[in-house]
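Written below as structure tokens is the structure these notes are about.
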Amino acid sequence: MTVFHRLRSSLRFLATIGFLWISVFSCQSPENGNQQILGPIEGEVQAVLTDAPEVPPHIDAKHNTKVIVNLEIIEKTMRLADGVDYTFWTFGGSVPGKFIRIRQGDLVEFHLHNHPDNMLPHNIDLHAVTGPGGGAEASLIAPGKSAQFTFRALNQGLYVYHCATAPVGMHIANGMYGLILVEPLEGLPPVDHEFYVMQGEFYTSGRYGDKGHQDFSMQKALDERPDYVVMNGAVGANSGANAMTVKVGETVRLFLGNGGPNLVSSFHVIGEIFNKVYVEGGNLVNHNVQTTVIPAGGSAIAEFKCEVPGTLHLVDHSIFRAFNKGALAQIKVVGDENHEVFTGKQKEEVYLPEGSAIQHISSGKSDQQAMAIPEKSQPERMEAGKRLYLQNCMACHMEQGTGISGTFPPLVNSDFLKARSDKGAGIIIRGLQGEIMVNGQKYNNIMPAVSLNDDEIASILTYIHNEFNKENTLIKASEVKGWRESEK
Ligand code: HEC
Ligand SMILES: [Cu+2]
């Protein structure tokens, strides 16, 4: 019998003997799992928040309490891999965001702060919240502002939280996700070690291992083709010298999450079998599991005992991600050999990632770019341009090019766009950031470079200038090529 079941039956028992609860009853039917009867809230505590792979302690109190969470959003440039930087958007200064640990029935007073140095509005959608948008609407804030909302943790489980500000995919892709554990009042059964490991993928302008600062690639994100798939925010965040460490004979509980934004993780530990998996982070416990699926925006809790020394490799068993894109973390198990369980020499070198020596296989795209593409007519450009606009630009500039006042500038009658001699090609090719004025309104935001070829850019620009500005113009791929080269 699991703790969850015990909790549930003891609650049922209390209800049947007519125990008098002063406060609200939430439904207690088999359909809604183990939602608990809401008891009174006593006292308050400040939540302890931790960075991966650390996990905060269980709140040690016999009764439900008010938990105050203060989470600060920070946009900052950090290491994604050796020699590779990325400007992450974070919940608390690192990726994944801070781990939050509360108990079922606790009342959470949530304060979200958007640091004044940030460029963008953000919010939070906690999957542990019962309420509209998981708190997203209630928490949307501009840089330099704070928002507060309160929720009751009705359901236990391990839940993902993430930013849900438009364009949502981009906010998540830049690292805005983390985990919140809602455990039974008395806590989960004791283990020797608990770790926090969360997978997420990054879509960069360059390829895996390309040095320097990398920008977000909207095109790769749309195609679901990340160059990096990592555990805890960077290649090697918790491997090698940063590996987690335990001793032979100790038990380990992994709180696992997948921020996505796109990929499903086939989570596996090379060298172990999970004695227990809380499937999808809920109450269902499976035993003797080799690989557990963690959906994008989902979780799992995995437990095992370390019987023999050596290095355990935590991987996404979609295996190219582990060996070629960074989806690897390690636990070093130190102690004496146990030849009854395992004999023979262990070489950890066998499993080290193949590093940046990756082969460059030319993609269809660059071949296409190398080929001379015949110029298109105006109707052809308008048709292709509309499709490309909807795929690449609409998420921010809106279908009719109106933008979102204060955040995404309009393309309709934009004086800023009209003043550019390159018709805006350079903005698509290189992206744009910093303060600009569009039709008398200030914008200070980031537009990522969009990786499109000259022909595609010619079509998008033809569409924008004709459709939104009523100009009668036809832009050629050869002109875009010229602008691309002149500004290099
Ligand atoms: C992820 C959101 C996003 C996407 C996608 C995006 N933009 Fe932008 N765009 C912005 C932001 C933000 C700015 C303002 C940047 C600043 O403040 O410096 C901007 C500025 C511009 C500007 C100059 C300002 C203006 O309104 O005239 C043009 C032109 C433009 N974008 C065109 C495009 C085109 C064309 C595409 C598609 C190929 C595109 N953008 C895709 C966010 C985006
Ligand atoms: Cu955000």
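Here are a few things to note about the model shown:
- Residue-wise HN-Hα couplings along the range 432-441, as the Karplus relation 6.51 cos²θ - 1.76 cosθ + 1.60 with θ = phi - 60° gives them from phi, are 8, 8, x, 6, 9, 10, 10, 6, x, 10 Hz; Gly and Pro carry x.
- Nearest 10 degrees, 0 to 90: helix 477-486 Cα axis against the chain principal axis: 80 degrees
- Per-residue HN-Hα couplings for the range 171-186 [Karplus 6.51, -1.76, 1.60; θ = phi - 60°; Hz; x = Gly/Pro]: 5, 5, 4, 8, x, 8, 7, x, 10, 10, 9, 10, 9, x, 3, 8
- Electrostatic tally near Pro56: other residues with Cβ closer than 14 Å to its Cβ, Lys and Arg +1, Asp and Glu -1, net -2.
- Taking Cβ atoms as reference points and 9 Å as the exclusive limit, the residues near Gly209 contribute a net charge of -1, counting Lys and Arg as +1 and Asp and Glu as -1.
- For the range 39-202, the spread of Cα coordinates along the three principal axes comes to 47, 36, 22 Å, biggest extent given first.
- Calculated diffusion of the range 212-351, Stokes-Einstein form, Kirkwood radius summed over Cα pairs, 4 °C and 1.567 mPa s, µm²/s: 81 µm²/s
- Principal-axis tilt of helix 378-392 within the chain, Cα atoms, nearest 10 degrees: 20 degrees
- Extreme residue, positive dipole direction of the range 39-202, given options Gly105, Pro132, Pro56 (C-beta unit charges): Pro132
- Averaging the Cα positions of each part gives two centres, and for the range 273-325 and the range 135-167 these lie 27 Å apart.
- Local electrostatic count at Val129 - Lys and Arg +1, Asp and Glu -1, tallied over other residues with Cβ under 13 Å: -3
- Within the range 77-119, backbone nitrogen closer than 12 Å to the virtual label 7 Å beyond the Cα of Asn444 toward Cβ: 116-119
- Size of charge dipole - the range 61-112 - debye, nearest 20, with Cβ of Lys, Arg +1 and Asp, Glu -1, no other charges: 360 debye
- Fraction of antiparallel bridges per DSSP, the chain only, in percent to nearest 5: 70 percent
- Cα centre as origin, Lys/Arg/Asp/Glu Cβ charges: the range 212-351 dipole, Debye: 100 debye
- Once the convex hull of all Cα atoms in the chain is built, its volume per residue stands at 161 Å³.
- Residue among Val334, Val293, Asn262 farthest towards the positive dipole end of the range 226-344, charges placed on Cβ: Asn262
- Estimated from the Cβ-Cβ distance and a Förster radius of 41 angstrom, the FRET efficiency linking Ser405 and Lys62 is about 0.20.
- Couplings 3J(HN,Hα) of the range 411-425, computed from phi: 9, 5, 6, 6, 5, 4, 5, 5, 6, 8, 6, 9, 6, x, 4 Hz, in residue order, whole Hz [Karplus 6.51 cos²θ - 1.76 cosθ + 1.60, θ = phi - 60°; x for Gly and Pro].
- Cα-based helix-to-principal-axis angle, 454-467 vs the chain, degrees rounded to 10: 80 degrees
- Computed [θ] at 222 nm, helices only, for the chain once each DSSP H run of length n ≥ 4 contributes -39500 (n - 2.57): -5000 deg cm²/dmol
- Lys, Arg +1 and Asp, Glu -1 on Cβ, resulting dipole of the chain about Cα centre, debye, nearest 20: 520 debye
- C-alpha center-to-center spacing [the range 223-267, the range 175-219] in angstrom: 7 Å
Each value in this text was obtained by applying a stated rule to the coordinates, not by laboratory testing. Keep in mind that what you see is a predicted model, and the values were worked out from it rather than measured. Virtual Cβ from ideal backbone geometry, glycine too; neighbours counted across all protein chains shown.
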